[in-house]
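The values are calculated or read from the model by the stated rules, or taken from the named source; none is laboratory data. Bear in mind the structure is a predicted one, so any value in this text is a computation, not a measurement. Ideal geometry is used to build each Cβ from the backbone, glycine not excepted, and the neighbour counts take in all protein chains shown.
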Amino acid sequence: MTQFLPDNLLKLFAPRPPIPYLPPADELTIEKKRPKYQGLAEYLNLFEAETKPPPPKPHIETKEEKRERWRKEKQELLAYKIEQQIAMWNPADNENATTDPYRTLFVARLSYDTTESKLRREFEAYGKITKIVIPSDKENKPRGYAFIEYSHKSEMSRAKPVN
């Protein structure tokens, strides 16, 4: 097939001349004669006498050690923050806390559409309500339960269903 190509393209397929052989410039490193290895005993007197111990080897922290150190530091910081919050916590400052747990009724499985006024209307039949708290999440969506605090313990007992 290449015999039908023009001369200028046939020159591209022509073999190249062989690479000329050149003898090595120097003898091979393997064949060189080298002096035999000798010990260092004759040179020991040139070194200064070791009067002080060598410096300690520096400790380089591995990834696992670093990760463990960071984990411990984080735990210590968290424990410190919790201690500070416990020391500064005052239950009287909490606006959601009830004053007496024996006068508080827990109502669960509420509809998310339930409001404080609907709860007050339904549960005021059992007694005077002091406070109603409906906890909500970060998006201000109700969590589905509420705490109703009555003025007396007997009123709360009347509102509680008997099993």
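Scan segment 86-97 and tell me whether some residue there is at pLDDT below 80 and surrounded by 10 or more Cβ atoms within 10 Å (Cβ to Cβ). For segment 86-97, residues at pLDDT below 80 and surrounded by 10 or more Cβ atoms within 10 Å (Cβ to Cβ): present. Restricting segment 115-144 to residues that are in a loop (DSSP other than H, G, I, E, B) and in contact with a Pro (Cβ under 7 Å, 6 or more places away or on another chain), which is surrounded by the fewest Cβ atoms within 10 Å (Cβ to Cβ)? The extreme case among them is 143. Every test in (1) within 11 Å of residue 105 (Cα to Cα); (2) modelled with pLDDT under 90; (3) not acidic (Asp, Glu) is passed by residue 147 save one, and that test is (2). The residue of segment 4-42 that is surrounded by the fewest Cβ atoms within 10 Å (Cβ to Cβ), among those that are small (Gly, Ala, Ser) and part of a loop (DSSP other than H, G, I, E, B), is 25.
Only a single criterion out of (1) in contact with a helix residue (DSSP H, G or I) (Cβ under 9 Å, 6 or more places away or on another chain); (2) loosely packed, with under 11 Cβ neighbours inside 10 Å is not satisfied by residue 151, namely (2). Restricting segment 154-163 to residues that are more than 17 Å from residue 99 (Cβ to Cβ) and among the hydrophobic types (A, V, I, L, M, F, W, C) leaves a set whose member that is surrounded by the fewest Cβ atoms within 10 Å (Cβ to Cβ) is 162. Might you check whether a residue that is modelled with pLDDT under 85 and part of a helix (DSSP H, G or I) occurs anywhere in segment 54-77? No, every residue in segment 54-77 fails to be modelled with pLDDT under 85 and part of a helix (DSSP H, G or I).
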